[in-house]
Amino acid sequence: MSDTASRTMQGAVLTGPKSIEIREVPVPNPGPGEILVRIRAATTCGTDVKVYLRGGHPRMLKVPTLFGHEMAGEVASAGEGVSQYKPGDAVVVANSAPCLACENCRLGRENLCEDLHYLNGAFAEYLLVPARFVERNTHTIPQGLSFARAAITEPLACVLHGIEACELAQFGDEESPVEVIIYGAGPIGLLFVAALAFAGHHVIVADPNPARLETATALGAAKSIEIARGGGQSDFVRKATAGGKGAWIAVDATGVPEVWADAIGSIRPGGLVNLFGGCAPGTTVALDTHLVHYSEMSIKGVYHHRPATVKQALKLLSNPAFQADLLLSGTCPVSAVQEALESMIAKKSLKIVINNDDL
């Protein structure tokens with residue numbers, strides 16, 4: 001497809017809170033350094049749900065706009081100067097691209113890049129990939145890896161970045177698994193469970209949803225605990241840890257402030273809390289300063305992914321023993337994106353694959 005200027009495509013356009021319009025929009029032509037990707041699979045996620053409910057995102061997009069950011073597909077055409085990709089190549093495009101020049105980038109913290117660019121628009125038939133993304137965060141899909149599994153690369157890359165931040169080596173080694181509590185068995189929490197359990201660690205997962213706890217067990221959780229909503233569950237969860245002392249590490253994968261407090265209350269002295277789930281802007285949480293100080297707790301906010309963890313995620317997804325497919329609840333066309341997100345909100349689905357195989 002060398003000229004798409006006169007063609008249109010179907011795309012899901014976010015126009016405001018809980019408002020999506022399926023529109024026919026022009027198929028763009030790639031300019032210098034750009035590629036046009038035919039989306040073969042785009043997966044829904046918790047961030048998409050937040051964007052849908054709130055009608056936007058403070059960093060990633062402004063309405064009205066095409067949205068969706070977990071994607072895998074085939075190069076449809078390449079712009080002038082692109083030599084590393086050709087039509088037909090199977091690729092994953094990460095949803096951000098760092099500058100590689102600022103201080104954070106030079107320190108290997110590209111997720112905190114001072115000029116981090118974001119990319120949305122995966123809930124459509126085609127996606128134009130800007131030159132910075134082509135150069136710095138587009139990756140060839142390994143042979144044998146399905147588009148649906150490959151589309152999970154972005155959230156898994158975030159989780160692998162989050163696991164690095166847990167500093168597991170200071171609490172155990174390959175012969176001494178680390179006990180980790182995961183609050184939240186949504187898609188991100190379950191990816192934490194899957195990756196940590198796959199690495200041999202002892203994972204306790206806490207969530208109010210029995211069906212999701214069953215999935216956590218299937219992914220390798222050592223214990224799955226049904227908790228009540230609204231917080232106040234730390235004592236209950238801590239009792240499930242070795243000797244009731246608390247875990248070395250607790251991860252919040254909910255973005256609920258009351259659960260942040262539960263995570264802080266669930267670890268043993270000297271432990272680490274990973275506040276991975278992002279709360280809404282302006283949210284505050286009460287902090288027991290005495291507990292944090294005298295228990296020498298480490299409390300971290302952890303955000304996003306880096307190009308290195310994107311590569312690691314693709315490699316892990318290429319291993320058939322890693323059961324990522326358990327997170328895929330079904331498929332639907334672009335025209336049903338709103339129904340897919342509502343299904344996630346109702347806790348009927350984990351991740352839905354927006355599939356364009358019928359093109």
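Being small (Gly, Ala, Ser), surrounded by fewer than 22 Cβ atoms within 10 Å (Cβ to Cβ) and in contact (Cβ under 8 Å) with a residue 40 or more places away in the chain, is that true of even one residue in region 256-272?
So the first thing to find is which residues in region 256-272 are small (Gly, Ala, Ser), and the list is 261, 263, 265-266, 270-271.
Now drop any that are not surrounded by fewer than 22 Cβ atoms within 10 Å (Cβ to Cβ), which leaves 261, 265, 270.
Subsequent filtering for residues that are in contact (Cβ under 8 Å) with a residue 40 or more places away in the chain retains none.
No, the conditions are met nowhere in region 256-272.
Among the candidates 218, 222, which residue alone is among the aliphatic types (A, V, I, L, M) and within 21 Å of residue 169 (Cβ to Cβ)? Working first, answer last.
Working: 218 fails: within 21 Å of residue 169 (Cβ to Cβ).
Result of the check over 218, 222: 222.
Within region 196-207, track down each residue that is touching a helix residue (DSSP H, G or I) at 6+ places or on another chain (Cβ under 6 Å) and aliphatic (A, V, I, L, M). If you could, list the steps in order and put the result at the bottom.
Here is the first cut: in region 196-207, the ones touching a helix residue (DSSP H, G or I) at 6+ places or on another chain (Cβ under 6 Å) are 203, 205-207.
Passing the criteria: 203, 205, 206.
Matching residues to (1) surrounded by 15 or more Cβ atoms within 10 Å (Cβ to Cβ); (2) of a type outside the set (Gly, Ala, Ser):
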position: 275; (1), (2): yes, yes
position: 280; (1), (2): no, no
position: 283; (1), (2): no, yes
position: 352; (1), (2): yes, yes
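Within the bounds of region 214-237, is there any residue that is more than 28 Å from residue 319 (Cα to Cα) and touching a Ser or Thr at 6+ places or on another chain (Cβ under 8 Å)?
yes
Using the structure shown, decide if residue 181 is out of contact with any Leu (no Cβ under 9 Å at 6 or more places or on another chain), at negative phi, of a type in the set (A, V, I, L, M, F, W, C) and not assigned by TED's automatic domain parsing to the domain that holds residue 79.
Yes; evaluated as a whole, the condition is true for this residue.
Across region 183-236, what is the number of residues that are surrounded by 24 or more Cβ atoms within 10 Å (Cβ to Cβ) and of a type in the set (Phe, Trp, Tyr)?
2
Among the residues of region 211-220, are any in the same structural domain as residue 183 (by TED's automatic domain parsing), part of a strand (DSSP E or B) and either touching an Asp or Glu at 6+ places or on another chain (Cβ under 9 Å) or among the charged types (D, E, K, R) (or both)? Show your work before the answer.
Residues of region 211-220 in the same structural domain as residue 183 (by TED's automatic domain parsing): 211-220.
In the following step, the residues that additionally are part of a strand (DSSP E or B) were identified as none.
No; the residues of region 211-220 include none that is in the same structural domain as residue 183 (by TED's automatic domain parsing), part of a strand (DSSP E or B) and either touching an Asp or Glu at 6+ places or on another chain (Cβ under 9 Å) or among the charged types (D, E, K, R) (or both).
Which of the residues that make up region 149-174 are surrounded by fewer than 23 Cβ atoms within 10 Å (Cβ to Cβ) and out of contact with any helix residue (DSSP H, G or I) (no Cβ under 8 Å at 6 or more places or on another chain)?
Selection gives 165, 167, 168, 169, 170, 171, 172, 173, 174.
Can you give me the number of residues within region 237-255 that are free of Cβ contacts under 8 Å to residues at least 40 places away in the same chain and either in a strand (DSSP E or B) or loosely packed, with under 15 Cβ neighbours inside 10 Å (or both)?
The number of residues fulfilling the criteria is 4.
Run down 309, 331 and say which single residue is over 27 Å from residue 166 (Cβ atoms), among the polar types (S, T, N, Q) and in contact (Cβ under 8 Å) with a residue 40 or more places away in the chain.
Working: 309 fails: over 27 Å from residue 166 (Cβ atoms).
Just a single option satisfies the conditions, and that option is 331.
Restricting the first residue to region 36-55 and requiring it to be in a loop (DSSP other than H, G, I, E, B), which pairs with a second residue that is among the charged types (D, E, K, R) and surrounded by fewer than 23 Cβ atoms within 10 Å (Cβ to Cβ) meet a Cβ separation below 8 Å and a spacing of at least six or different chains?
Going by the 8 Å Cβ cut-off, the qualifying pairs are 55/18.
Scan region 65-88 and report the pairs whose first residue is aromatic (Phe, Trp, Tyr) and whose second residue is in a loop (DSSP other than H, G, I, E, B), with Cβ atoms within less than 8 Å and a gap of 6+ or a chain change.
Every condition considered, the pairs that remain are 67/120; 67/121; 67/122; 67/123.
Hey, can you tell me all the residues within region 282-326 that are more than 20 Å from residue 171 (Cβ to Cβ), touching a Leu at 6+ places or on another chain (Cβ under 7 Å) and outside any helix (DSSP H, G or I)?
318, 322, 323
Testing residue 285 on (1) in contact with a Phe, Trp or Tyr (Cβ under 6 Å, 6 or more places away or on another chain); (2) farther than 25 Å from residue 213 by Cα; (3) of a type in the set (A, V, I, L, M); (4) modelled with pLDDT of 95 or more, one condition comes back false. Which one is that?
Single failed check for residue 285: (4).
Does region 141-158 contain any residue that is within 27 Å of residue 29 (Cα to Cα), in contact with a Phe, Trp or Tyr (Cβ under 8 Å, 6 or more places away or on another chain) and not charged (D, E, K, R)?
Filtering region 141-158 down to residues within 27 Å of residue 29 (Cα to Cα) leaves 141-142, 146-148, 150-154.
Checking which are in contact with a Phe, Trp or Tyr (Cβ under 8 Å, 6 or more places away or on another chain) leaves us with 141.
Subsequent filtering for residues that are not charged (D, E, K, R) retains 141.
Checked against the condition, which is being within 27 Å of residue 29 (Cα to Cα), in contact with a Phe, Trp or Tyr (Cβ under 8 Å, 6 or more places away or on another chain) and not charged (D, E, K, R), region 141-158 yields at least one hit.
When region 78-107 is examined, which residues are found to be touching a Gly at 6+ places or on another chain (Cβ under 8 Å) and not hydrophobic (A, V, I, L, M, F, W, C)?
79, 80, 81, listed by residue number.
The values are calculated or read from the model by the stated rules, or taken from the named source; none is laboratory data. Treat the numbers as computed from the prediction; the structure is a model and nothing was measured. Quick reminder, even Gly has a Cβ in these numbers, built from the backbone with ideal geometry, and neighbours come from all protein chains shown.
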